[in-house]
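Below is one structure; the comments refer to it alone.
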Amino acid sequence: MMSRGSRLRQIGWLFALSISFGCFIALTFQVNSVKSEVRLAERQIVQLEREKLLLETEFQARANQQQLADWNAIEFGYKAPRADQYISGVRQLASLGAPRGMNAPSPIRVARAPDAAPSPEALDAMVSPISGQRVAQADRVQSPSAKKPGQMEIKASAADDFARAFGEATPLVARVAEVVE
């Protein structure tokens with residue numbers, strides 16, 4: 001009989017363990033489904049906040065439409081496009097690419113820096129930004145190979161011009177004089 005009670009106890013424990021394991025699995029699935037719902041709700045909150053921000057921006061833009069219309073009419077001179085300003089097809093677009101006529105204005109060109117060094121005549125026309133006087137030939141750098149590209153050389157006359165413009169008491173004048181010497 002002892003073995004029969006022991007066997008019944010083992011079956012009872014096995015049954016209790018299986019029920020608790022089943023409850024554990026069910027509870028895990030329930031927790032994961034709640035987590036999934038929370039993530040979905042967070043995503044919806046973020047999406048609704050973005051939509052709210054978009055609508056607030058739209059509202060602010062529409063609230064300022066009269067001010068924008070005034071700016072367009074007075075400041076910028078913008079007008080709404082007319083029906084005749086739209087292109088009706090490919091042929092009309094191709095007609096816009098016709099060669100320039102006889103009295104047509106010249107096309108817009110992009111400015112660029114010259115490739116070569118300035119001519120001596122252009123250097124003679126240079127003016128000191130400090131004194132407003134013409135720069136003497138002796139003040140210019142004679143050998144461009146002695147300095148690196150983009151590096152400037154300070155001459156004594158530039159320091160003199162600076163001292164005349166701002167006075168001798170300026171600490172910067174003393175520093176410029178040190179650099180020159």
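Taken together, the values in this text are just the output of simple stated rules run on the coordinates, not laboratory data. Model, not experiment: these values are computed from the prediction. Positions of Cβ are generated from backbone atoms using ideal geometry, with glycine treated the same way; all protein chains shown enter the neighbour counts.
Here are the numbers:
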item	result
Filter result for the condition that a residue is surrounded by 10 or more Cβ atoms within 10 Å (Cβ to Cβ), out of contact with any Ser or Thr (no Cβ under 7 Å at 6 or more places or on another chain) and not hydrophobic (A, V, I, L, M, F, W, C), over Glu58, Glu75	Glu58
Any hit, segment 49-60, residues being over 34 Å from the mean Cα position of the chain (by Cα), at negative phi and of a type in the set (Phe, Trp, Tyr)	no
